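S.K.: Provided herewith is a single structure, encoded as structure tokens, for subsequent inquiry.
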Amino acid sequence: MSSHAFSIAHVVPLVFRVPIETPVVTSFGVMRDRPAVFVRVIGTDGAEGWGEVWCNFPAVGAEHRARLITSVLAPLVTRRPFDDPNAAFAFLSDATAVLAIQSGEPGPLAQAIAGIDIAIWDMLARRDDKPLHRFLAGPDVTQVKAYASGLNADAPERLAAEKAEAGHRRFRIKVGFGEERDCRNLEAMRETFGGDTDLMVDANQAWDAETAIHMAQLFEPLQPRWLEEPVRADTPINVWRSIAADCGVPLANGENLRGATSFAAMTQSGAVRYLQPDIGKWGGISGCLPIARNALDHAVVYCPHWLGGGIGLIGSLHLLAAVGGGGLLEVDANPNPLREELILGFPPVIEGDMLVPQGVGLGVSPDLAALKRYAVPLPG
């Protein structure tokens, strides 16, 4: 039997919500708590693994995605033999394709499938007694470059300074809050950290093409490493190309793309320098691994997107370690106990690099006892 073959006995989603004092503000919405859907997969042989589903928006998204797992996906995938995780990912995607159209919910279903996929890869790597990045045939890596993200528009340099004390050396701020405020914030970051520090800006799809070009030209003298999602992610490729041609700031996109075809088109477009798939939004490991490798083949840097709990972050860390290419790992700067505080074995950031766990699988697992006070009960 292949070391990748498996059958699943149980798929269990667990929902958590943590209240926060300072909301996380983007150009399109506000997070007033930190949710997470962790997925526990148990094989028929007793092996287990953990995954995570993207669930930040809308506010009730976590509970809904967990119920999609229990009511739709778990009955499909349990007690069925698979040769490898890719086969399970393809099966679940195909089996729910009509439902995704009929329900108008291709995103939530894809996100729930992604969380299951991550858990399956973790389970198999644990069973094979290897760290996940090595199980993915990656090199023996001990650390990857990281950056602190999610810096709100309210004096981002203050939180960035705190994260610098905690080991970060690269930073990304939110923009899309008006020309004056955006420029003032980027100027404050550059004044605080100097000209040699990598700074990135993220517009969260806030602008049209004309505004994006205008803002990029304003940002250019401050030398941001990239401008992320200046326009809607589904903007036609030719518009992305025109933006790239008319501004001197490299573009980044990917967290809101879905499907191998969309990623291939963006990768091959010549419009973006950085590709940012999110393993909890679409693809999990099975879908994002070939996308990341294809990006490197086209001289596009793979930089995984993640803004959630600790399981998805560590999965992204392992995938980046396996793929290589000099990309940066996104580490949310905002407080979130569902990340490092409640994940056993969570690695530190040292001089801008996050250490890669060397234990089996993800090398981390949820502290279920500590998480209990944040658990959200599900019906049934």
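Nothing in this text is a laboratory measurement; each read-out follows from the coordinates by a stated rule. Since this is a predicted model, take the numbers as computed values, not measurements. Here the Cβ is made from the backbone with ideal geometry for all residues, glycine too, and neighbour counts use every protein chain on show.
S.K.: Report the relative contact order of the range 116-253, percent, no decimals, based on alpha-carbon pairs under 8 angstrom and at least 6 residues apart. Don't skip to the answer; put the middle values down first.
M.R.: Working: 182 pairs, mean separation 24.0, N = 138.
Relative CO of the range 116-253 lands at 17 percent.
S.K.: Right, here's the next one. How much of the calculated P(r) for the range 234-326 lies past 17 Å, in percent of all Cα pairs? Mind showing how you got there, number by number?
M.R.: Numbers: 1895 of 4278 pairs.
Looking at the range 234-326, the distances longer than 17 Å represent 44 percent of pairs.
S.K.: How would you rank 233-243, 124-134, 182-192, highest first, on the average number of other Cβ atoms within 10 Å across their residues? It would help to have the intermediate numbers written out before the result.
M.R.: On the way: 233-243: 15.8, 124-134: 21.5, 182-192: 17.8.
Ranked from most to least packed, the peptides come out as 124-134, 182-192, 233-243.
S.K.: Which value does Rg/Rh take for the range 142-238 over its C-alpha atoms, Rh per Kirkwood?
M.R.: Numbers: Rg = 13.5 Å, Rh = 13.8 Å.
We get a ratio of 0.98 for the range 142-238.
S.K.: How many nm separate the modelled label positions at residue 100 and residue 367, each set 7 Å beyond the Cα in the direction of the Cβ?
M.R.: In this crude label model, residue 100 to residue 367 measures out at 3.7 nm.
S.K.: Between residue 214 and residue 238, what FRET efficiency follows from the Cβ-Cβ distance if R0 is 25 Å, with the result rounded to 0.05?
M.R.: Values: r = 19 Å, r/R0 = 0.76.
The calculated FRET efficiency here is 0.85.
S.K.: Compute the Cα gyration tensor for the range 134-368, then decide on rounded, prolate or oblate, letting a ≥ b ≥ c be the square roots of its eigenvalues: rounded whenever a/c is under 1.5, prolate when a/b is larger than b/c in the other cases, and oblate in all that remain. Kindly include the intermediate steps, with their values, before the conclusion.
M.R.: Working: a/c = 1.91, a/b = 1.21, b/c = 1.58.
Because a/c hits 1.5 or more and a/b fails to exceed b/c, the range 134-368 counts as oblate.
S.K.: By per-residue mean of other Cβ atoms within 10 Å, what is the highest-first order of 210-221, 93-104, 269-280? Could the numbers behind the result be given before it?
M.R.: Details: 210-221: 17.3, 93-104: 13.0, 269-280: 24.2.
Ranked from most to least packed, the peptides come out as 269-280, 210-221, 93-104.
S.K.: Applying the Karplus parametrisation 6.51 cos²θ - 1.76 cosθ + 1.60 with θ = phi - 60° to the phi angles of the range 96-103, what ³J(HN,Hα) value in whole Hz is obtained for each residue in order, glycine and proline being reported as x?
M.R.: 10, 4, 5, 4, 4, 6, 4, 7
S.K.: With the cut-off at 1.5 for a/c, could you classify the range 55-199 from its C-alpha gyration tensor as rounded, prolate or oblate?
M.R.: Working: a/c = 3.46, a/b = 1.66, b/c = 2.09.
Note, shape of the range 55-199 comes out oblate.
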